[in-house]
C-alpha cells in the first residue's frame, strides 16, 4: 500500500466533519484536491471507506476502523517531531485546552506570548459550553480548561484570572423605542437565553429566580455571538458577559441597563485536574500563566475596570 500521511489527515478531517466541503475549508485546500486524495486512498482498499446516502456523506464501519489506525499513525508522527525538538532543548508537544464560549475573548491573551516563544508547541482549543468543558476535564481529554464557575465534584489546580461580569444589555434599536421603567423590560420584551448547559444561562436563571422575575417570552440561542447579534437586531434583551461586547458599547449599538443586583461577578479560572500528570510543556504553560497573569490583565483588560 502507498497511502500518504496527507491522505490520512484528509480522511480524519472528512470523518470528523462528514463533509468534503467542510474538510477542505478547515484544511485550506480546494474541494477537488480533497476529493482526489480521498479517492486515491480509497483505491488502495477493496472495501468502501465512505458512502453517500441522500447526498450526505457517511463513514462506513470499515472507514471508522481505518480512521482509528490513522489517528494512531499520525499521533506517532507528531511524537517524532516533538521528541526531536525536546532533544534540541525546546518545549514541544500538543497543548489541549477547552474553554466555554465566552472565554474565547479571554483565553487568546493568555496564550499569545507563550506560543510565540515556543514554536514547537501546537495548540488545540475546543470552544464549547460549560457542560462539554467539564466533560472534557472529567474524561482527561484536555490539559487545561477555562471556566467561570468551578465544578464542585472535581479536585482542581486553579489560577484565577480576570473578572467575568454579566450585565443586562439592550440594543439601541429597542432602547430608543422602549416605554416604561426598566422593571418592565422582563415582562414586556423577549429575553434571550443561551442554551441549556451554558454557565451564562445558569447564572441568568439563578438571578431571575432570586429576584422573582419571570419573562413574557424566551428566545434560546446556542452561542454568545448569536445572542449579541440578536440583541443588536432588537429581538430582545439579555444578561450577557461584558467581555464580548467592548466594541458595541463603544459605538453605543449596545447599552448597559442598570438593574438592582447586577452585574453578576465571577472570575475566569484556568484549571487542570490535580490527578493529571502534566507534560513538561504543560507544566511550563501553567507556570507561565501564574508568572504573567497580572501583567496580561493590566495590559489587555484595563478597559474592563470602568464598568
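The values are calculated or read from the model by the stated rules, or taken from the named source; none is laboratory data. Not measured: the values here are computed from a predicted model. Here the Cβ positions follow ideal geometry from the backbone for every residue, glycine too, while neighbour counts run over all protein chains shown.
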Top-ranked residue of segment 188-203 - restricted to ones that are buried (at least 17 other Cβ atoms within 10 Å of the Cβ) and without any contact (Cβ under 8 Å) to a residue 60 or more places away in the chain, ranked as farthest from the chain's Cα centre (by Cα): 189
Test: residue in segment 38-51 that is surrounded by 13 or more Cβ atoms within 10 Å (Cβ to Cβ), closer than 30 Å to residue 121 by Cα and within 30 Å of the chain's Cα centre (by Cα): yes
Matching residues in segment 197-226 - criterion: being in contact with a helix residue (DSSP H, G or I) (Cβ under 8 Å, 6 or more places away or on another chain) and either assigned by TED's automatic domain parsing to the domain that holds residue 127 or under 19 Å from residue 131 (Cβ atoms) (or both): 197, 198, 199, 200, 202, 221, 223, 224, 225
3 or more residues within 30 Å of residue 235 (Cβ to Cβ) and touching a residue at least 60 places away in the same chain (Cβ under 8 Å): qualifying strands (runs of 3 or more DSSP E) within segment 103-174: 156-171
Selected residue [touching a residue at least 12 places away in the same chain (Cβ under 8 Å) and either more than 19 Å from residue 71 (Cβ to Cβ) or assigned by TED's automatic domain parsing to the domain that holds residue 73 (or both)] from 50, 21: 50
